[in-house]
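Comments concern the structure below.
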Amino acid sequence: MQPEPTLTGVAALDRSALIFAALGDETRLRLVVILCAGEPQSITQLTLGTAITRQAVTKHLQVLAQAGLVRDAKLGRERLWALELTQLAAARHSLELISRQWDSALGNLASFTER
């Protein structure tokens, strides 16, 4: 019998659901990859060389911000967007919890089939 996740683990999974939903979109995932690579960037910088409109990028960034993955700061007339690493760490923790649970379940299955 597999132990129930701790309350802390359940809360982490709940928080991570928003993150995983936000990262499930290809455009948002690309924005996260771009922001992982360096300094905070403006929407103009994030749309350079793409066919995506600034309005579309703004909407995607708002979804990422609601999930806590990015934050913005006003600099003059521009808003600069940066990655929020603590939320990515929380999602990673959730994936590690799920991985441990799968490992345990597979170990239990292997033991059962060997008997």
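Quick notes on this structure:
- Test: residue in region 93-102 that is over 21 Å from the mean Cα position of the chain (by Cα) and either over 22 Å from Glu26 (Cβ atoms) or in a helix (DSSP H, G or I) (or both): no
- Test: residue in region 75-91 that is among the β-branched types (Val, Ile, Thr), under 25 Å from Arg15 (Cβ atoms), surrounded by fewer than 14 Cβ atoms within 10 Å (Cβ to Cβ) and at pLDDT 80 or above: yes
- Helices (runs of 4 or more DSSP H) wholly inside region 26-91 that include at least 3 residues being aliphatic (A, V, I, L, M) and touching a residue at least 12 places away in the same chain (Cβ under 8 Å): 26-36, 54-66
- Of everything in region 54-73 that is more than 12 Å from Leu23 (Cα to Cα) and in contact with a Ser or Thr (Cβ under 7 Å, 6 or more places away or on another chain), the residue that is surrounded by the fewest Cβ atoms within 10 Å (Cβ to Cβ) is Arg54.
The values are calculated or read from the model by the stated rules, or taken from the named source; none is laboratory data. Computed from a prediction, not measured in an experiment: that's the story for all the values here. When we count neighbours, we look across all protein chains shown, and the Cβ atoms used for this are built from the backbone with ideal geometry, even at glycine.
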